[in-house]
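*Asks:* Pasting in a structure now, in structure tokens, and then I'll have a few things to ask.
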Amino acid sequence: DVKVTQSSRYLVKRTGEKVFLECVQDMDHENMFWYRQDPGLGLRLIYFSYDVKMKEKGDIPEGYSVSREKKERFSLILESASTNQTSMYLCASSSKVWGYNSPLHFGNGTRLTVT
Amino acid sequence: DQQVKQNSPSLSVQEGRISILNCDYTNSMFDYFLWYKKYPAEGPTFLISISSIKDKNEDGRFTVFLNKSAKHLSLHIVPSQPGDSAVYFCVGDSNYQLIWGAGTKLIIKP
């Protein structure tokens, strides 16, 4: 079974802090993703990565950056946290052919509160 | 611009009856549609999908119907079980870009 592990379930940070959200997958998947989930809005893609050191902006990349130095690890960075970044953050991975034949496997999420 | 719309935020169904979750879309370029299921405190898990060239796909108790002319799809769960209580997301896939609906919370009553 694919396992996607997010390092924290809950985080509380102050406005202006630099925040790191870590995600590790154990199935040698090429693709990794960061989403945020907000009530009434579904999941919105922040960034994704097809390979080590590769990254692509998703739909809402502003205020975020990512790092993928190793295939199994994908980090989301909030350079200067703001209250509008309070949300549920979900990491996912998939094998190379992404889409119908390759479902996303999600971690359990990190609920971030910025005060 | 919500390309994938799930207009019912919640749905309550008696155990053993049929659950029908609906989804409308505006993007004619979607190649596939997927349904994901999410329990509280867990990430979404893939449930079932359908290609845009088909009108029905079935997997056990779950069937997805696609009506391209109406730009509408639905997920049928028969019979509904308590473990089906979850949030269900409808997702459109266009050239590997996934667009998620807001989700419908399904509650199965005993």
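*Asks:* Name the strands (runs of 3 or more DSSP E) wholly within chain B that hold at least 3 residues that are over 12 Å from the mean Cα position of the chain (by Cα) and more than 11 Å from chain A (Cβ to nearest Cβ)?
*Replies:* B:10-14, B:56-59, B:104-109
*Asks:* Still on this structure: Considering only segment B:1-45, how many residues are aliphatic (A, V, I, L, M) and on the phi > 0 side of the Ramachandran plot?
*Replies:* Qualifying residue count, segment B:1-45: 1.
*Asks:* Sticking with this structure for a sec: Specify which of the listed residues (B:77, B:18) is open to solvent by 30 Å² or more (accessible area, probe 1.4 Å) and among the β-branched types (Val, Ile, Thr).
*Replies:* One residue alone meets the criteria, B:18.
*Asks:* Being under 17 Å from residue A:102 (Cα atoms), of a type outside the set (Val, Ile, Thr) and either touching a residue at least 60 places away in the same chain (Cβ under 8 Å) or open to solvent by 40 Å² or more (accessible area, probe 1.4 Å) (or both): is that true of residue B:7 here?
*Replies:* no
*Asks:* Regarding segment B:26-41, can at least one residue be identified that is under 19 Å from residue A:94 (Cα atoms) and in contact with a Lys or Arg (Cβ under 6 Å, 6 or more places away or on another chain)?
*Replies:* Looking through segment B:26-41, none of the residues is under 19 Å from residue A:94 (Cα atoms) and in contact with a Lys or Arg (Cβ under 6 Å, 6 or more places away or on another chain).
This table checks each residue for (1) over 29 Å from residue B:3 (Cα atoms); (2) assigned to a strand (DSSP E or B); (3) out of contact with any Leu (no Cβ under 6 Å at 6 or more places or on another chain).
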{"position": "A:8", "(1), (2), (3)": "yes, no, yes"}
{"position": "A:11", "(1), (2), (3)": "yes, yes, no"}
{"position": "A:27", "(1), (2), (3)": "yes, no, yes"}
{"position": "A:43", "(1), (2), (3)": "no, yes, yes"}
{"position": "A:54", "(1), (2), (3)": "no, no, yes"}
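*Asks:* Does segment B:22-43 contain at least one residue that is open to solvent by less than 70 Å² (accessible area, probe 1.4 Å), free of Cβ contacts under 8 Å to residues at least 40 places away in the same chain and closer than 30 Å to residue A:111 by Cα?
*Replies:* Checked segment B:22-43: at least one residue is open to solvent by less than 70 Å² (accessible area, probe 1.4 Å), free of Cβ contacts under 8 Å to residues at least 40 places away in the same chain and closer than 30 Å to residue A:111 by Cα.
*Asks:* Look through segment A:4-47, keep the residues that are touching a residue at least 40 places away in the same chain (Cβ under 8 Å), charged (D, E, K, R) and within 14 Å of chain B (Cβ to nearest Cβ), and return whichever of them is surrounded by the most Cβ atoms within 10 Å (Cβ to Cβ).
*Replies:* My answer is A:36.
*Asks:* Then there is this: When you check residue A:60 against the structure, is it under 21 Å from residue B:90 (Cβ atoms), open to solvent by less than 70 Å² (accessible area, probe 1.4 Å) and part of a loop (DSSP other than H, G, I, E, B), yes or no?
*Replies:* So residue A:60 fits the description; yes.
The values are calculated or read from the model by the stated rules, or taken from the named source; none is laboratory data. Note that the structure is predicted; figures quoted are calculated from it, not measured. Don't worry about glycine lacking a Cβ; one is built from the backbone with ideal geometry, like all the others, and counts go over all protein chains shown. Only protein heavy atoms, including side chains, enter the accessible area calculation; ligands, DNA and RNA are left aside. Shrake-Rupley method; radii C 1.70, N 1.55, O 1.52, S 1.80 Å.
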